[in-house]
Amino acid sequence: MILDQEKITRIKRLLKVKPKGLTISEISHNLKINRNSVAKYLEILLITGHVEMKMYGNAKMYYLSNRVPISSMFKFANELILVLDSDMRVVEANDNFFSYFPVRKEDLIGSIISTSPINSGDGFRLDDLARSAIETGEISHEIALTRDGTVTCLYVKVLPSVFDDGATGTTFLFEDVTGKKEVEERLRVSEAKYRAIVENQTEMVNRFDKDLNLLFVNPAITRYFGLEEKDLVGKSILDSIPAQERDLVESRIRSLTPGNPLCIIEHRSFDKKEECHWHQWAIQALFNDRGILVEYQGVGRDITEQKKSAEAILIKNFALASSLNGIGIADLSGNVTYVNSAFLAMFGYDHEGDVLGKPIHIFSHSDAKASGDILEVWRSLKERGWWSGEVLARTRGDKSFNAILNASVVRDPSGVPLCMMASFIDISDIKKAREELRMKDTAIETSLTSMAIFDRDFRLIYANNSCLSEFNLSFNSIQGKMAADIISQFEEIDPPLDEVFSLIKKAGKWSGEMSVTMPGGEKKHFNASIRCSFDEAGTILYTLFSLVNITEFRNIETALKSSRQKLSETIEFMPDPTYIIDKDHRVIAWNRALEILTGVERGEVLGKKDFRNAFSFFGDERPVLVDILDLPPHELANKYPKVRRFGDSVYIESFVSAMNGGKGAFLWGKASALTDHEGRSIGAIESIRDISAWKRARESLRKMDATGIAVATPLEEEKQKVETLSRMRQELESILDLMEEAVLLTDKSGMILWANERFVELVNGDRQIVLGAPLSTFFPADERQILACSPGETMLRITLIPLTGNSGVPVEARTAGIPLGDERVVILQKIPS
């Protein structure tokens, strides 16, 4: 048939706008050309490579061929290109090919490839590859060539080709993959080394995907868990972790980012025997170049033994830190390396930074006696390794206190000295109590603090020598025994330990007084402090018992309580009108006698500054004494000649004509400043007494003296003055007992000497229990803050713990000092909820 180029062009244009292809019938219909003619034209285009055909069932679909002329490929291809015709003759090759192979273009083009030296190599022939491609279609092959003495590797792709004239042939595409092969080889070697390291090391190594499922585990993991690799791969890493810890572990892993790809995680793990171990894992997230997570890798180890060691250290540290004794540690050169809170409080320091790194001689504070004691202890430690005895120590504020000191050199198991340890017990209060009761001047027998530690099951794991000696026990006889088995050896313990343990399990701590009846009936009293330590999961790790023998002190305290109770009952009916103001001149106490004198009830003036109207009946005949306490002596003498000053007090005797219905009365008055232990004013107290009867009696005595009857001697007057001052001290406690707030009186060590009924009610206790108890009984977390606070200076927000063990009661506290004494008043007010 005669070809019609115009129809062929029309067919190609139609196929171009119909890229999904057309059948012969569809082309014939669209172009209005005979179907047989269309079929012949398509056969020609198919042979020449301009179209392609695919079978869909019985239908033939024709598409316009997407091809690039080989001559165009030569211009931009990076590969080495060689083209052969069906006779294996070289048709074309690009410049890259001739640059790589040692053959000239004019020698190669047009020649049979089998005649060229490049046709054959190590295990290949190009003409054989061309024939295989013609027969089977596209093939790929790797060949090795020696070029300039170096073996190179080429990746060859052989493609069957159709030329523009319809003739067939083959096209070779060569790619030099020598560099890739070298990289692959290095990676293979590197991976082999990595695998050898991972599989042979003792630490556990794993890899897991972003769903936390294991992809790889090394032999160390399979040995540790006693499982095979196939039993672990594909399982979640969370399977062996306790349920309560899984969320925390997963959240830590999920938090890793390209900027922070590494984290350290510690958690418990169970092996196939359900035994619990502690693991530490270093988890690294692996990201690709685009910051997308690929997988995780972990390196872990068993740290169970380290955890047990850490718990043991924690127990010892807790015992030291919570000891009632002041404990200090110094290196072998005598420089302080550790002090507990009791030590800081005992020596008057606020922060451990004030003493750490300092030589132990600083605690003498330039006092010759204290310096000599320190030198003696130092010499004994060097020569004998220990020292024990009573010392007179000095605080940072240059106050002295008596203490029992036990010092020793701490050595390692081989006997090599490590450091020096000193334990102080402040016995000043005990010595003071003995002096007050005028007991014999024999040294008080002071026991060291008894300490015992029980594990989470309340089995004894430690007891110090003081504890063993105090209760006549040997360590071998009680080690590992339950607390209930140990206490069964005593006749009675009050309160029962079952009740105490119940409170401990709820609150984690308990403190108070405990009595123990020994075999034989001897009863001992102790100040007891029991505290628990918990792990991160809130489980009790151990319980520490600290016991200080206060039997003798309790007997003395009982006698003091009895005397103080009688005194308090007497003061309750004090007849002198008395009131107290604070440093802001607000009334804080106003007794019943003063209500009767002034006709003003307590509720009208408490908390107010404008109380002077209550004394309007004074007129100009006498001032309100608390208003003139601060006047200089010359100004006081000029303005108020009737007023006399003695020390911190002012006195006045005056006739007030408005009293007794205009008949008048003689009033004696006294006002004294109230100061804290540093001498700062925190308020004032004024008492008033009607001495009209006394005046009349004195006038009678004067007349009797005129008739020859003896009058009172100056000695008797001095005695009366002392009695008056003593009575005024008693009146103070009576006034405090009338206050609406809870009030207590403590000595400088924190022992409660007196408390009003409001405080006894607030703590849900009994007066006999409250009096003599330490502040720590009711303020376990705030005792030191109360004692350290300057009286009258700060309003404290603290928590009070009732004796019933109920939840804490938030209160506001303010303190005041007592003139001529070391006691302090603590006034408490509940904070509204």
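The values are calculated or read from the model by the stated rules, or taken from the named source; none is laboratory data. Predicted model only: the values in this text are computed from it and were never measured. Cβ sites come from the backbone with ideal geometry, for glycine too, and all protein chains shown count toward neighbours. These area figures cover heavy atoms from the full protein model, side chains too; ligands, DNA and RNA do not enter into them. Shrake-Rupley method; radii C 1.70, N 1.55, O 1.52, S 1.80 Å.
Given the condition over 30 Å from Gln785 (Cα atoms), of a type in the set (Asp, Glu) and in contact with a Leu (Cβ under 9 Å, 6 or more places away or on another chain), answer yes or no: does some residue in the range 354-372 qualify? Within the range 354-372, none of the residues are over 30 Å from Gln785 (Cα atoms), of a type in the set (Asp, Glu) and in contact with a Leu (Cβ under 9 Å, 6 or more places away or on another chain).
Only a single criterion out of (1) modelled with pLDDT under 80; (2) part of a strand (DSSP E or B) is not satisfied by His677, namely (2). Scanning the range 652-667 for residues that are of a type outside the set (A, V, I, L, M, F, W, C), in a strand (DSSP E or B) and open to solvent by 50 Å² or more (accessible area, probe 1.4 Å) yields a count of 1. With respect to (1) touching a helix residue (DSSP H, G or I) at 6+ places or on another chain (Cβ under 9 Å); (2) part of a helix (DSSP H, G or I); (3) touching a residue at least 12 places away in the same chain (Cβ under 8 Å), the lone exception for Ser371 is condition (3).
In the range 385-400, the residues that are free of Cβ contacts under 8 Å to residues at least 60 places away in the same chain and of a type in the set (Val, Ile, Thr) form Cβ pairs under 6 Å with partners that are surrounded by 13 or more Cβ atoms within 10 Å (Cβ to Cβ) and outside any loop (DSSP other than H, G, I, E, B), at six or more places apart or across chains, as follows: Val391/Asp373; Val391/Ala403; Val391/Leu405; Thr395/Phe347.
Scanning the range 467-517 for residues that are exposed (fewer than 13 other Cβ atoms within 10 Å of the Cβ) and among the β-branched types (Val, Ile, Thr) gives no hits. A Cβ distance below 7 Å, combined with a sequence gap of six or more or placement on separate chains, defines the contacts here; from the range 503-531, residues that are in the same structural domain as Leu547 (by the TED database) and more than 19 Å from Thr777 (Cβ to Cβ) reach residues that are loosely packed, with under 15 Cβ neighbours inside 10 Å and of a type in the set (Val, Ile, Thr) in the pairs Lys523/Thr517. Counted as qualifying within the range 432-535 are the strands (runs of 3 or more DSSP E) with 3 or more residues that are on the phi < 0 side of the Ramachandran plot, modelled with pLDDT of 85 or more and in contact with a helix residue (DSSP H, G or I) (Cβ under 7 Å, 6 or more places away or on another chain), namely 450-455, 523-534. Annotation: of all residues in the range 748-759 being assigned to a loop (DSSP other than H, G, I, E, B) and over 13 Å from Thr815 (Cβ atoms), the one that is farthest from the chain's Cα centre (by Cα) is Asn756. Within the range 764-782, the set of residues being under 15 Å from Trp510 (Cα atoms) and either in a helix (DSSP H, G or I) or of a type in the set (A, V, I, L, M, F, W, C) (or both) comprises Ala773, Leu775, Ser776, Thr777, Phe778, Phe779, Ala781. The criterion of at least 3 residues that are of a type outside the set (Gly, Ala, Ser) and touching a residue at least 40 places away in the same chain (Cβ under 8 Å) is met, among strands (runs of 3 or more DSSP E) falling completely within the range 234-329, by 293-302. The set of residues from the range 323-339 being among the polar types (S, T, N, Q) and open to solvent by 30 Å² or more (accessible area, probe 1.4 Å) comprises Ser333, Asn335, Thr337. Taking each residue of the range 204-219 that is surrounded by fewer than 19 Cβ atoms within 10 Å (Cβ to Cβ) and looking for partners that are outside any strand (DSSP E or B) and of a type in the set (A, V, I, L, M, F, W, C) with beta-carbon atoms closer than 6 Å, six or more apart or interchain, yields Leu212/Ile237.
No other residue among Leu82, Leu108 is closer than 18 Å to Tyr155 by Cα and modelled with pLDDT of 85 or more apart from Leu82. Just one residue in the set Ser649, Ser568 is at pLDDT below 85, touching a strand residue (DSSP E or B) at 6+ places or on another chain (Cβ under 6 Å) and within 30 Å of Ser790 (Cβ to Cβ); that residue is Ser649.
Look at the range 540-553: where a residue is more than 18 Å from Asn465 (Cα to Cα) and of a type in the set (A, V, I, L, M) and a partner is open to solvent by 40 Å² or more (accessible area, probe 1.4 Å) and not in a strand (DSSP E or B), sitting 6+ places away or on another chain with Cβ atoms under 7 Å, you get Ile540/Arg456; Leu541/Glu311; Leu541/Arg456; Leu541/Asp535. What are the residues in the range 401-423 that are among the hydroxyl-bearing types (Ser, Thr, Tyr) and free of Cβ contacts under 8 Å to residues at least 24 places away in the same chain, if any? Residue satisfying the conditions is Ser414 alone. Under the condition of being within 19 Å of Leu381 (Cβ to Cβ) and not in a helix (DSSP H, G or I), the residues counted in the range 330-348 number 10. Condition check: surrounded by fewer than 15 Cβ atoms within 10 Å (Cβ to Cβ) and more than 20 Å from Arg554 (Cα to Cα). Does Asp457 satisfy that? Judged against the criteria, Asp457 is a match. Here Lys369 fulfils each of the conditions (1) open to solvent by 70 Å² or more (accessible area, probe 1.4 Å); (2) modelled with pLDDT of 90 or more apart from (2).
The numbered conditions (1) modelled with pLDDT of 85 or more; (2) touching a strand residue (DSSP E or B) at 6+ places or on another chain (Cβ under 8 Å); (3) surrounded by 15 or more Cβ atoms within 10 Å (Cβ to Cβ) are all true for Met55 except (3). Here the range 154-177 is the region considered, the condition is being modelled with pLDDT of 85 or more and over 19 Å from Asp95 (Cα atoms), and the residue that is least open to solvent (accessible area, probe 1.4 Å) is Gly169. Beta carbons closer than 6 Å, at least 6 apart along the sequence or on distinct chains, pair a first residue in the range 29-49 that is in contact (Cβ under 8 Å) with a residue 60 or more places away in the chain with a second that is open to solvent by less than 80 Å² (accessible area, probe 1.4 Å) and not in a helix (DSSP H, G or I) for Ile47/Gly166; Thr48/Gly166; Gly49/Ser65; Gly49/Val162.
Residues checked against (1) at pLDDT 85 or above; (2) out of contact with any Asp or Glu (no Cβ under 9 Å at 6 or more places or on another chain); (3) of a type in the set (Asp, Glu):
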| site | (1), (2), (3) |
| --- | --- |
| Val605 | yes, yes, no |
| Ser616 | yes, yes, no |
| Leu636 | yes, yes, no |
| Glu686 | yes, yes, yes |
| Arg689 | no, no, no |
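Of the candidates Leu594, Leu629, the single residue that is open to solvent by less than 20 Å² (accessible area, probe 1.4 Å), more than 30 Å from Leu787 (Cα to Cα) and not assigned by the TED database to the domain that holds Val826 is Leu594.
Candidates are the residues of the range 224-240 that are crowded, with 17+ Cβ neighbours inside 10 Å and not aromatic (Phe, Trp, Tyr); the one that is nearest to Asp271 (Cα to Cα) is Ser240. Can we say Thr804 is open to solvent by 20 Å² or more (accessible area, probe 1.4 Å), of a type in the set (Ser, Thr, Tyr), on the phi < 0 side of the Ramachandran plot and at pLDDT 85 or above? Considered against the rule, which asks whether it is open to solvent by 20 Å² or more (accessible area, probe 1.4 Å), of a type in the set (Ser, Thr, Tyr), on the phi < 0 side of the Ramachandran plot and at pLDDT 85 or above, Thr804 comes out as no.
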